[in-house]
Amino acid sequence: MEFEKIIAEHPDLKAFSSHQIVPPIPNNGLRVFPIVFLRHPIDRLKSAYLFEWKKQLGLEAPKGTLQEYVLSKFEKRRANAIEEFHVMTLANKGYEGRRPSSSLTDEQLLSNAKSFIDTVPFYGIVERFDESLKRLDYFLKMEFPEFCPKVIELNVTQDRSKDIDERVSRIQAELGADLYEEVLDRNKLDLQLYSYALDNFYSIPQATP
């Protein structure tokens, strides 16, 4: 409801970007084109650590280890930025809050999140970024013919030259076996959603050359 009000008050603006925007999509006679990207949950965890405990604080090195960061976040179950983040965001269906109902089971939460990405015309995958941009261009071109996607790297905290398997292996080594298993367990819904999104990514209409 708040987002609908913001759109209505700024009819001249064409795009909004925020970490606070969550489903459902405004439906009060507005034409909205959601742009949603999913990222590998474990790789995202490392990025959140480097941003919160280093870049955001203006430090040359993180203020603590990755283990310490994860343990501090896990003190509050599912109320942090590294635990089931995508599912707890995309599963929301009500306008009254930013989080889904606490009465939903894990199966219902995952189902809601899958349903959301099934119904949006476009979603991107960070690990398929170049291809995602081509599809975003295809998705928006009819309504915004002047749209021209460009890659501008900002707030980059990790070496993206390494493939995702290597980055995850390094994170596993940093966390240690026991904590890594806890991370997997506390992101099992996000990992399932990510796998589902990858499997369905190639069913999105291909952009023409």
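Any residue at all in the stretch 61-83 that is of a type in the set (V, I, T), over 16 Å from the mean Cα position of the chain (by Cα), within 24 Å of N200 (Cα to Cα) and not in a loop (DSSP other than H, G, I, E, B)? Within the stretch 61-83 (the criterion being of a type in the set (V, I, T), over 16 Å from the mean Cα position of the chain (by Cα), within 24 Å of N200 (Cα to Cα) and not in a loop (DSSP other than H, G, I, E, B)), the answer is no, since none of the residues qualifies. Considering only residues in the stretch 171-189 that are more than 25 Å from M88 (Cα to Cα) and touching a residue at least 40 places away in the same chain (Cβ under 8 Å), the one that is nearest to the chain's Cα centre (by Cα) turns out to be E174.
Which one is farthest from A48 (Cα to Cα), of the residues in the stretch 69-120 that are among the acidic types (D, E) and open to solvent by less than 20 Å² (accessible area, probe 1.4 Å)? Residue satisfying both the conditions and the ranking: E84. Within the stretch 183-206, the residues that satisfy the criterion of being among the charged types (D, E, K, R), under 23 Å from A79 (Cα atoms) and open to solvent by 70 Å² or more (accessible area, probe 1.4 Å) are D185, K188. Sub-6 Å Cβ pairs linking a first residue in the stretch 119-137 that is under 14 Å from D199 (Cα atoms) to a second residue that is modelled with pLDDT under 90 and outside any helix (DSSP H, G or I), at least 6 apart or interchain, number zero. The residues of the stretch 1-30 that are touching a residue at least 24 places away in the same chain (Cβ under 8 Å) and either part of a helix (DSSP H, G or I) or farther than 16 Å from T89 by Cβ (or both), listed by number, are M1, E4, I7, K14, N28, L30. Reported count of residues in the stretch 26-53, each being more than 30 Å from D199 (Cα to Cα) and open to solvent by less than 70 Å² (accessible area, probe 1.4 Å), is 3.
Within the stretch 99-119, which residues are out of contact with any helix residue (DSSP H, G or I) (no Cβ under 8 Å at 6 or more places or on another chain) and at pLDDT below 95?
Let us first name the residues in the stretch 99-119 that are out of contact with any helix residue (DSSP H, G or I) (no Cβ under 8 Å at 6 or more places or on another chain), namely 101-103, 105, 107-108, 111, 115, 119.
Residues satisfying the conditions are S101, S102, S103, T119.
The values are calculated or read from the model by the stated rules, or taken from the named source; none is laboratory data. Everything numeric in this text was worked out from a predicted model, so none of it was measured. As a convention, Cβ positions derive from the backbone with ideal geometry for all residues, glycine included, and neighbour counts pool all protein chains shown. Surface accessibility is based on the protein's heavy atoms, side chains included, excluding ligands, DNA and RNA. Shrake-Rupley method; radii C 1.70, N 1.55, O 1.52, S 1.80 Å.
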